[in-house]
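Taking it in order: structure first as structure tokens, then the write-up.
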Amino acid sequence: MYRFLLTRQWVILTLISLLLIPTMIRLGIWQKHRYEERSARNQLVADALGAKPVPAEQVTEPGHAVTRKERYHTVTATGTFDTADEVVVRRRTNSDDEVGYHVLTPFVLTDGKVLLVNRGWIPSDGPSQTTFPKVPAPPAGKVTVQGRLMPDETTAASGIKDLKGLPDRQIMLINSEEQARRLGKQVLGGYIQQTAPEPKGDTPEQISDPGKEDAPLNYAYMIQWWLFAAGVPYGFFVLARREARTRAEAAEQETAEAAEPAAV
């Protein structure tokens, strides 16, 4: 009844089915790993954002590479903004995907070290990209700032090319080592995205809290691939049964047609 399974067409279909099952199982395992990785990153971010603020120098120091666990941790610092050495970071977008700049201002601490402060986003409304944009002034005098600690930016992590020959006081990536060389001062590793005090007039536009990665989507894909894997043998069985039934019905019809003349 099932000798047709040995035909070329069905042998190929069987081999394809046997290949699809482990492939789909493997894709489900990969999505499971992605779900676990994203869930772990979400938890790290939530833990960092929910942690009690600490002084910046308790977490980072000159030459320090901010770790994944330290990223987004809220830190505080007391000092004064150095607007004379302020730079802008090109090709940055706000929450509405408008292209502009991030304002990076050195913040001189009471011990003389420098903390880089990303004060937020401003629009690119100058006459040209070579013109330094109009930047709202930060609070004058001694002030305490608060923000989320971030690692130095790299091309590998961000996909942003570190272009050379830019106009004066414009950069592509925020890197504490490069800024330390430019300023000739000790600069704490990484930088902060300022969250307090809030700017007057809501500008620069402060950077919003990081969103969660869509880990549940990977979980759904995991289930989907495993259901597909389970569906392959079931689908193969249904097709084989249908083919056997069709062949049996055809054989019966041929037998009946062959028997009709003899009956006459």
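Would you confirm, using the coordinates I've provided, whether LYS69 is out of contact with any strand residue (DSSP E or B) (no Cβ under 7 Å at 6 or more places or on another chain) and charged (D, E, K, R)?
Numbers: out of contact with any strand residue (DSSP E or B) (no Cβ under 7 Å at 6 or more places or on another chain): yes; charged (D, E, K, R): yes.
Yes; evaluated as a whole, the condition is true for this residue.
Which residues, counting only those in segment 78-99, are closer than 13 Å to ASN118 by Cβ and either part of a strand (DSSP E or B) or among the basic types (Lys, Arg) (or both)?
Those that are closer than 13 Å to ASN118 by Cβ and either part of a strand (DSSP E or B) or among the basic types (Lys, Arg) (or both): PHE81, VAL87, VAL88, VAL89, ARG92.
Looking only at segment 225-234, filter to residues that are open to solvent by 50 Å² or more (accessible area, probe 1.4 Å) and free of Cβ contacts under 8 Å to residues at least 12 places away in the same chain; which one of those is nearest to the chain's Cα centre (by Cα)? Lay out the reasoning, then the answer.
Just the residues of segment 225-234 that are open to solvent by 50 Å² or more (accessible area, probe 1.4 Å), to begin with: 225-228, 230, 233-234.
Add one more test, that the residue is free of Cβ contacts under 8 Å to residues at least 12 places away in the same chain, and what stays is 227, 230, 234.
On the way: LEU227: 27, ALA230: 31, TYR234: 37 Å.
Only one residue tops the list, namely LEU227.
Condition first: open to solvent by 50 Å² or more (accessible area, probe 1.4 Å) and assigned to a helix (DSSP H, G or I). Now tell me which residues in segment 204-218 satisfy that.
Hits for segment 204-218 are PRO216, LEU217.
Just to verify a result, which residue in segment 72-93, among those that are under 19 Å from GLU153 (Cβ atoms) and surrounded by fewer than 18 Cβ atoms within 10 Å (Cβ to Cβ), is modelled with the highest pLDDT? It would help to see each step written out before you state the result.
Kept after step one, since they are under 19 Å from GLU153 (Cβ atoms), are these residues of segment 72-93: 72-73, 75, 85-93.
If we keep only those that are surrounded by fewer than 18 Cβ atoms within 10 Å (Cβ to Cβ) as well, we get 85, 91, 93.
Values: ASP85: 97, ARG91: 92, THR93: 93.
Filtering first and then ranking leaves ASP85.
Specify which of the listed residues (ARG3, ARG8, ARG68) is under 29 Å from GLY184 (Cα atoms) and open to solvent by 80 Å² or more (accessible area, probe 1.4 Å). Spell out the reasoning first.
On the way: ARG3 fails: under 29 Å from GLY184 (Cα atoms); ARG8 fails: under 29 Å from GLY184 (Cα atoms).
None of the others qualify; the one that does is ARG68.
From the list ALA259, ALA244, which one is surrounded by fewer than 14 Cβ atoms within 10 Å (Cβ to Cβ) and either out of contact with any Cys (no Cβ under 7 Å at 6 or more places or on another chain) or touching a residue at least 60 places away in the same chain (Cβ under 8 Å) (or both)?
Numbers: ALA244 fails: surrounded by fewer than 14 Cβ atoms within 10 Å (Cβ to Cβ).
On inspection, the qualifying residue turns out to be ALA259.
Suppose the filter is touching a helix residue (DSSP H, G or I) at 6+ places or on another chain (Cβ under 8 Å) and over 19 Å from LEU109 (Cβ atoms); does LYS212 pass it?
Values: touching a helix residue (DSSP H, G or I) at 6+ places or on another chain (Cβ under 8 Å): yes; over 19 Å from LEU109 (Cβ atoms): yes.
The answer is yes for LYS212.
Would you please name the residue that is farthest from ALA140 (Cα to Cα), looking only at residues in segment 83-103 that are touching a residue at least 40 places away in the same chain (Cβ under 8 Å) and more than 23 Å from the chain's Cα centre (by Cα)?
VAL88
Please work out if GLY201 is under 30 Å from VAL117 (Cβ atoms), open to solvent by less than 90 Å² (accessible area, probe 1.4 Å) and assigned to a helix (DSSP H, G or I). First the steps, then the outcome.
Values: under 30 Å from VAL117 (Cβ atoms): yes; open to solvent by less than 90 Å² (accessible area, probe 1.4 Å): yes; assigned to a helix (DSSP H, G or I): yes.
Judged against the criteria, GLY201 is a match.
What do you reckon, is ASP47 more than 30 Å from GLN224 (Cα to Cα), part of a helix (DSSP H, G or I), within 25 Å of the chain's Cα centre (by Cα) and free of Cβ contacts under 8 Å to residues at least 24 places away in the same chain?
On the way: more than 30 Å from GLN224 (Cα to Cα): yes; part of a helix (DSSP H, G or I): yes; within 25 Å of the chain's Cα centre (by Cα): yes; free of Cβ contacts under 8 Å to residues at least 24 places away in the same chain: yes.
Yes.
Of the residues LYS32, LYS134, which single one is open to solvent by 40 Å² or more (accessible area, probe 1.4 Å), basic (Lys, Arg) and either free of Cβ contacts under 8 Å to residues at least 40 places away in the same chain or assigned to a strand (DSSP E or B) (or both)?
Numbers: LYS32 fails: either free of Cβ contacts under 8 Å to residues at least 40 places away in the same chain or assigned to a strand (DSSP E or B) (or both).
Criteria check complete, one pass: LYS134.
With the checklist (1) within 20 Å of VAL114 (Cα to Cα); (2) surrounded by fewer than 20 Cβ atoms within 10 Å (Cβ to Cβ); (3) within 23 Å of the chain's Cα centre (by Cα) in hand, flag the one item ARG181 doesn't pass.
Failing condition for ARG181: (3).
The values are calculated or read from the model by the stated rules, or taken from the named source; none is laboratory data. Small disclaimer: the values here were computed from a predicted structure and weren't measured. So basically every Cβ, Gly included, is an ideal-geometry build from the backbone, and we count neighbours across all protein chains shown. The area values use the complete protein model at the heavy-atom level, side chains included, leaving out ligands, DNA and RNA. Shrake-Rupley method; radii C 1.70, N 1.55, O 1.52, S 1.80 Å.
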